[in-house]
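Enquirer: Here you go, one structure.
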Amino acid sequence: MGCLPLRECASRCKVSLRTAWLMRRRLLKCLERFLPKFTAGAGVSVQLDETYLRESFKGNHRKGKFRLPRPARHRGCSLRKRGLSKEQICVMTGVADSGIAFAALNGRGVISKRRALESLAGRVGKGALVMADEAAAYPGAMEVLGAMFEQVDAKSHRINRINTLHSNLDGFLAGFKGVSTKRLQSYLTWFLWRRSFRDDRNGSIIRQVAAQPCPGVTRDRSHVLPLYMDYWGMAT
């Protein structure tokens, strides 16, 4: 399953851009059901970190009611606010010693204890051995979860696994020339699926799609509203 831009996919499959988009949405919906569940209990080592991506409203908005809350921004242009801000979307990530990983959208701007707990509840359990950088959200969250926690320098080789995950994620997303924030979670799932089934991706796709047809209908994948729009004073 190549990571090609939609126009390239449409050209290769000899279908319209709209059809290529719908085919991708249906395929990702099928594959997400087979993604291994991330759980780390007593004695399991976990590395945690977050990465921040620019908010994107990429897509064709001419046919819907949605209107951009800010002027359109082209790739390569600077953000309106420098450094980490609420114009960036937080992605919470983790890697266990078994190699299994997760990546989940986690709101706007710098992660908080409350948001860390929202992402980690059900993933990190009592007695897990957690290592993370110096983000202020983690100590309190680990205490609530009952995990054993150690903070290390963000550049430490001791958290190389999570740093490698971020590097691979950046490379994966770069191939799409921008991903809309409202679709980002499905692309994170795609990235994790490719990582989990890297030894036999083509065979796995065939078996998984054949095992269960894609649920839902076309309208379920259209007119999806952007996330976290309260920042712009708009309802989601």
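The values are calculated or read from the model by the stated rules, or taken from the named source; none is laboratory data. Small disclaimer: the values here were computed from a predicted structure and weren't measured. Backbone-built Cβ (ideal geometry, glycine too); neighbour counts: all protein chains shown.
Enquirer: Yes or no: segment 18-30 includes at least one residue that is surrounded by fewer than 14 Cβ atoms within 10 Å (Cβ to Cβ), touching a residue at least 24 places away in the same chain (Cβ under 8 Å), in a helix (DSSP H, G or I) and under 22 Å from the mean Cα position of the chain (by Cα).
Expert: no
Enquirer: Kindly provide the set of residues from segment 107-131 that are aliphatic (A, V, I, L, M), buried (at least 16 other Cβ atoms within 10 Å of the Cβ) and under 21 Å from the mean Cα position of the chain (by Cα), ordered by number. Walk me through it before giving the result.
Expert: If we filter segment 107-131 for residues that are aliphatic (A, V, I, L, M), which is where we start, we get 110-111, 116-117, 120-121, 124, 128-131.
This time we only want the ones that are buried (at least 16 other Cβ atoms within 10 Å of the Cβ), so: 110-111, 116-117, 120, 124, 128-131.
Those that are aliphatic (A, V, I, L, M), buried (at least 16 other Cβ atoms within 10 Å of the Cβ) and under 21 Å from the mean Cα position of the chain (by Cα): VAL110, ILE111, ALA116, LEU117, LEU120, VAL124, VAL130, MET131.
Enquirer: Moving on to the next point. Is segment 38-47 home to any residue that is of a type outside the set (Asp, Glu), out of contact with any Leu (no Cβ under 8 Å at 6 or more places or on another chain), surrounded by 14 or more Cβ atoms within 10 Å (Cβ to Cβ) and over 27 Å from GLY109 (Cβ atoms)?
Expert: Checked against the condition, which is being of a type outside the set (Asp, Glu), out of contact with any Leu (no Cβ under 8 Å at 6 or more places or on another chain), surrounded by 14 or more Cβ atoms within 10 Å (Cβ to Cβ) and over 27 Å from GLY109 (Cβ atoms), segment 38-47 yields at least one hit.
Enquirer: Could you please find all residues in segment 67-100 being modelled with pLDDT of 70 or more, out of contact with any Asp or Glu (no Cβ under 9 Å at 6 or more places or on another chain) and hydroxyl-bearing (Ser, Thr, Tyr)?
Expert: The answer is SER85, SER98.
Enquirer: Return the total of residues in segment 132-171 being crowded, with 18+ Cβ neighbours inside 10 Å and either among the hydrophobic types (A, V, I, L, M, F, W, C) or more than 20 Å from LEU84 (Cβ to Cβ) (or both).
Expert: The number of residues fulfilling the criteria is 13.
Enquirer: Would it be correct to say that LYS126 is modelled with pLDDT under 95, more than 29 Å from SER186 (Cβ to Cβ) and out of contact with any Ser or Thr (no Cβ under 7 Å at 6 or more places or on another chain)?
Expert: no
Enquirer: Let me ask something else about it. Output the qualifying pairs, or none if there are none: Cβ atoms under 6 angstrom, residues six or more apart or on different chains, first residue in segment 51-63 and farther than 13 Å from GLY109 by Cβ, second residue modelled with pLDDT under 90 and of a type outside the set (A, V, I, L, M, F, W, C).
Expert: Final answer for the pair search is SER56/GLY178; LYS58/GLY178.
Enquirer: Then there is this: ALA40 is checked against (1) touching a residue at least 24 places away in the same chain (Cβ under 8 Å); (2) farther than 24 Å from ASP133 by Cα and fails just one. What number does that condition carry?
Expert: Among (1) touching a residue at least 24 places away in the same chain (Cβ under 8 Å); (2) farther than 24 Å from ASP133 by Cα, ALA40 violates only (2).
Enquirer: Counting only residues that are in contact (Cβ under 8 Å) with a residue 60 or more places away in the chain and of a type in the set (Val, Ile, Thr), which one in segment 86-131 is farthest from GLN47 (Cα to Cα)?
Expert: By that ranking, first place goes to ILE89.
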